[in-house]
Structures are given as structure tokens and as C-alpha cells.
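*Asks:* So that we are looking at the same thing, I have put the structure below in C-alpha cells.
The values are calculated or read from the model by the stated rules, or taken from the named source; none is laboratory data. Computed from a predicted structure; not experimentally measured. Here the Cβ positions follow ideal geometry from the backbone for every residue, glycine too, while neighbour counts run over all protein chains shown. In case anyone asks, the SASA skips ligands and DNA or RNA and just uses the protein heavy atoms, side chains included. Shrake-Rupley method; radii C 1.70, N 1.55, O 1.52, S 1.80 Å.
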Amino acid sequence: MTKLEQIEKSVTELDKHEFEAFSAWFEALQAERWDRQMETDAASGKLDHFAEKALAAFRAGKTRPL
């Protein structure tokens with residue numbers, strides 16, 4: 001049995017309260033990893049193209065207030 005299969009089996013065996021706690025923990029972990037990836041991408045310049053594109057649209061009057 002692979003590590004992933006072991007995790008899947010363990011998760012399916014959690015009771016309601018354990019599953020809710022696990023779900024909250026997992027969502028927080030995903031958010032933390034996403035934040036770290038965004039920080040890495042921003043620092044490396046990967047997102048600069050998107051920022052420039054958005055700013056160009058704004059300067060050209062192609063945006064609207066939210």
C-alpha cells in the first residue's frame with residue numbers, strides 16, 4: 001500500500017469531528033502553500049506580465065469600478 005493509499009484509508013476512517021478538524025487543517029495547509037507559491041512567483045517576477053497587462057488596461061480606460 002502506498003503512502004497516499006494509507007492516508008486515504010485513514011481519512012475515510014475518521015469520525016465526524018476528526019474529519020472536520022482534519023478538513024480545517026488541510027484547508028489551512030493548502031492556503032499556506034498557495035500563499036508561499038504566490039510570494040515566490042511575485043519575487044521572481046513571474047507575475048510582472050499580469051500586473052503590466054492590468055495596468056495597461058486601467059490606463060486605457062478598459063476597467064470599471066468594483
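*Asks:* Take region 20-66 and flag every residue that is assigned to a loop (DSSP other than H, G, I, E, B) and not hydroxyl-bearing (Ser, Thr, Tyr).
*Replies:* Passing the criteria: Gly45, Lys46, Leu47, Ala60, Gly61, Lys62, Arg64, Pro65, Leu66.
*Asks:* Hey, any hits in region 30-37 for a residue that's surrounded by 11 or more Cβ atoms within 10 Å (Cβ to Cβ), within 30 Å of Ile7 (Cα to Cα), of a type in the set (Phe, Trp, Tyr) and without any contact (Cβ under 8 Å) to a residue 60 or more places away in the chain?
*Replies:* Scanning region 30-37 turns up no residue that is surrounded by 11 or more Cβ atoms within 10 Å (Cβ to Cβ), within 30 Å of Ile7 (Cα to Cα), of a type in the set (Phe, Trp, Tyr) and without any contact (Cβ under 8 Å) to a residue 60 or more places away in the chain.
*Asks:* Could you list all residues from region 44-66 that are under 22 Å from the mean Cα position of the chain (by Cα) and of a type outside the set (A, V, I, L, M)?
*Replies:* Hits for region 44-66 are Ser44, Gly45, Lys46, Asp48, His49, Phe50.
*Asks:* Let me ask something else. Sort through Lys46, Lys62 and tell me the only one that's without any contact (Cβ under 8 Å) to a residue 40 or more places away in the chain, surrounded by 10 or more Cβ atoms within 10 Å (Cβ to Cβ) and among the basic types (Lys, Arg).
*Replies:* Of the residues listed, the single one that is without any contact (Cβ under 8 Å) to a residue 40 or more places away in the chain, surrounded by 10 or more Cβ atoms within 10 Å (Cβ to Cβ) and among the basic types (Lys, Arg) is Lys46.
*Asks:* Residue by residue through region 6-18, note down the ones that are open to solvent by 90 Å² or more (accessible area, probe 1.4 Å) and in a helix (DSSP H, G or I).
*Replies:* Listed by number, the residues that qualify are Gln6, Glu8, Lys9, Thr12, Lys16, His17, Glu18.
*Asks:* Run Ala21 past the list (1) hydrophobic (A, V, I, L, M, F, W, C); (2) at pLDDT 95 or above; (3) open to solvent by 100 Å² or more (accessible area, probe 1.4 Å) and report the number of the one that doesn't hold.
*Replies:* Only one criterion is unmet by Ala21, namely (3).
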